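Input: a single structure, listed below in structure tokens.
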């Protein structure tokens, strides 16, 4: 395995026993370049959290191989743990303690010693924009502040690789934005982040590459823009006011040479276009000239929702 990648997995298998053996990971492959955010997307039960737990040494795997930070996960798990941080779906901080006390406690658990733990707590409170709140009880923190404190706790030893398993679950948009900014700052400082999330906007904004996992296997990997391009280019979309107008709108869109798709339930017609502006201008003019009552008209580019739906057959 080469040194350009902070995380690399080849053919990972994880089975759960019982009456019927189930494979949570079924030949899973993953490569994460150093100093990047790599998104791991998939439906519920696809294997995202299992992959993180395997790579962070919390679960033993049954086949394949994996390295994190250049260290073999199976044969040298303790060395791997010295190189990683992990923040799960829910904040692991103590709400009774202050933010500073939480970080000092984590520092002592990592054997930093009292003085070094205090120094490191101060550094992290500053880094994550929590210096003014360090003396407050965590129970008084907002959701975003609590998650930032949780991220800070996972960075006590300045890990090479940080695993974030759905880090903004349950946060409002403001809290989510605070966590995103903290993640960007970590990566700018050299940390590699493997991010699992069900918020497609989160992966789109943070990740330079995304792996889509389904039924324990990686089924696609590319940049966010590359994944979007894989499901098609720009489309013109028209929403009419009455179902009786759908056929007329479809005929107008078809003049551009593409076969329109009609969604009767949503009263929508859409089709791919090559020349975005010309197609929109021509359609708008013709709709007006022919008196077609339109609720909305516009150009739409594929989103990660479209990618998700096409690859997995399920909406995100």
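The values are calculated or read from the model by the stated rules, or taken from the named source; none is laboratory data. Keep in mind it's a predicted model, so treat the numbers as computed, not measured. As a convention, Cβ positions derive from the backbone with ideal geometry for all residues, glycine included, and neighbour counts pool all protein chains shown.
Inclusion of residue 261 among residues that are surrounded by fewer than 17 Cβ atoms within 10 Å (Cβ to Cβ), farther than 30 Å from residue 179 by Cα and not assigned by TED's automatic domain parsing to the domain that holds residue 174 is warranted.
Listed here are the strands (runs of 3 or more DSSP E) enclosed by the range 177-255 that have at least 3 residues being out of contact with any helix residue (DSSP H, G or I) (no Cβ under 8 Å at 6 or more places or on another chain): 217-222, 235-240.
Among the residues of the range 66-75, are any buried (at least 18 other Cβ atoms within 10 Å of the Cβ), at pLDDT 95 or above, out of contact with any helix residue (DSSP H, G or I) (no Cβ under 8 Å at 6 or more places or on another chain) and farther than 28 Å from residue 201 by Cβ? Yes, because at least one residue in the range 66-75 is buried (at least 18 other Cβ atoms within 10 Å of the Cβ), at pLDDT 95 or above, out of contact with any helix residue (DSSP H, G or I) (no Cβ under 8 Å at 6 or more places or on another chain) and farther than 28 Å from residue 201 by Cβ. Checked against (1) in contact with a helix residue (DSSP H, G or I) (Cβ under 6 Å, 6 or more places away or on another chain); (2) modelled with pLDDT of 90 or more; (3) under 22 Å from residue 146 (Cβ atoms), residue 93 passes all but a single condition, namely (2).
Of all residues in the range 45-56, which are farther than 24 Å from residue 182 by Cβ and either part of a helix (DSSP H, G or I) or at pLDDT 95 or above (or both)? Once the filter is applied, which keeps residues that are farther than 24 Å from residue 182 by Cβ and either part of a helix (DSSP H, G or I) or at pLDDT 95 or above (or both), the range 45-56 yields 50, 54. Selection over the range 184-200 of residues that are under 12 Å from the mean Cα position of the chain (by Cα) and in contact (Cβ under 8 Å) with a residue 40 or more places away in the chain gives a count of 7.
Condition check ((1) in contact (Cβ under 8 Å) with a residue 60 or more places away in the chain; (2) assigned to a loop (DSSP other than H, G, I, E, B); (3) in the same structural domain as residue 186 (by TED's automatic domain parsing)) across all residues:
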position: 9; (1), (2), (3): no, no, yes
position: 14; (1), (2), (3): yes, no, yes
position: 27; (1), (2), (3): yes, no, yes
position: 35; (1), (2), (3): yes, yes, yes
position: 43; (1), (2), (3): yes, yes, yes
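Quickly run through the range 284-315 and pick out the residues that are out of contact with any strand residue (DSSP E or B) (no Cβ under 6 Å at 6 or more places or on another chain) and crowded, with 18+ Cβ neighbours inside 10 Å. Selection gives 292, 302, 304, 306, 307, 308.
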